[in-house]
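> This is the structure I have questions about; it appears just below.
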Amino acid sequence: MIKTVYSLSEPEFIEAQMLVMRYRRPWEFHKRWIYILALTFALIILVPGTIILLRAKLTHDPRIGLSGLFLSEGWILLFICLFELQLAYSVFDLLTLRSVKRKMRKHFVESRSGQTDVHLTVDDSGWLDQSPHNNSSTLVHWAGFSGWTESASLFVLLRPGVMFHILPKRVLADSELTQVHQLIASHLGPSSASTRRH
């Protein structure tokens with residue numbers, strides 16, 4: 001039996017959310033690379049063309065076949081430049097998942113996850129977490145979990161639907177860490193992280 005008390009930090013909460021997203025919706029997590037490649041390709045095509053047109057606008061280069069309204073109206077070039085900046089930001093956002101993490105931070109603040117101590121007991125009967133602050137208690141037997149995953153700093157146990165439970169490894173001694181890992185693996189099998197590595 002392992003007993004511990006912890007409260008989640010914001011980085012731990014976000015990391016757990018990302019682990020769950022990779023576990024439950026891997027296709028959605030990875031399909032962003034299609035958008036990244038498409039947007040990057042569009043930028044590769046658009047940016048050199050914009051530079052040529054901008055140069056023609058500034059130097060009145062007669063070798064550029066486009067003239068008249070297109071080159072005389074600077075606002076059209078400005079619109080194109082702003083569009084390209086938006087594309088570049090979209091690529092950055094998809095690479096870093098910035099907007100997704102912003103929503104997770106908002107949820108962390110609204111749920112007050114970091115302001116509540118969780119009293120956790122893990123044994124052969126299951127996973128019991130209690131929150132004296134909220135006067136709440138949740139016991140989940142091992143059969144009630146649908147899977148689990150882990151990172152260097154977290155255990156994340158998933159239940160059917162959207163619920164999941166987080167345990168930061170920092171609150172466990174080395175011997176407890178080994179014991180918790182063995183308990184989880186013995187009841188739920190290998191983690192998704194282990195499966196992916198093999």
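The values are calculated or read from the model by the stated rules, or taken from the named source; none is laboratory data. For clarity, every value in this text was computed on a predicted model and none was experimentally measured. A quick note on method: Cβ atoms are made from the backbone with ideal geometry, for glycine too, and the neighbour counts reach across all protein chains shown.
> Hey, can you tell me all the residues within segment 155-195 that are under 16 Å from Thr121 (Cα atoms) and in contact with a Lys or Arg (Cβ under 8 Å, 6 or more places away or on another chain)?
If the condition is that a residue be under 16 Å from Thr121 (Cα atoms) and in contact with a Lys or Arg (Cβ under 8 Å, 6 or more places away or on another chain), then Phe155, His165, Leu177 are the ones that fit.
> Moving to a separate point now. Where residues in segment 111-137 are at pLDDT 80 or above and of a type in the set (D, E, K, R), which of them is surrounded by the fewest Cβ atoms within 10 Å (Cβ to Cβ)?
Asp124
> Let me ask you something else. State yes or no: is Thr50 of a type in the set (Ser, Thr, Tyr) and under 26 Å from the mean Cα position of the chain (by Cα)?
Here the answer is no, as Thr50 does not meet what is asked.
> While we're looking at this one, here's another question. Is it true that some residue in segment 58-71 is at pLDDT below 85, assigned by TED's automatic domain parsing to the domain that holds Ser192, exposed (fewer than 15 other Cβ atoms within 10 Å of the Cβ) and not in a strand (DSSP E or B)?
no
> Out of the residues in segment 9-34 that are over 12 Å from Leu154 (Cβ atoms) and not in a helix (DSSP H, G or I), state the one that is modelled with the lowest pLDDT.
Arg25
> Identify the single condition in (1) more than 28 Å from Arg32 (Cα to Cα); (2) buried (at least 16 other Cβ atoms within 10 Å of the Cβ) that His141 does not satisfy, given that it satisfies every other one.
(2)
> Exactly one of (1) at pLDDT 90 or above; (2) under 17 Å from Leu8 (Cβ atoms) is unmet by Met163. Its number?
Going through the list (1) at pLDDT 90 or above; (2) under 17 Å from Leu8 (Cβ atoms), Met163 breaks only (1).
> Another question about this same structure. What are the residue pairs meeting all of these: first residue in segment 156-181, first residue touching a residue at least 24 places away in the same chain (Cβ under 8 Å), second residue assigned to a loop (DSSP other than H, G, I, E, B) and of a type in the set (A, V, I, L, M, F, W, C), Cβ atoms under 8 Å, and 6 or more apart or on different chains?
Matching pairs, first to second residue: Leu157/Phe145; Leu158/Phe145; Ile166/Leu8; Pro168/Leu8; Val180/Leu172.
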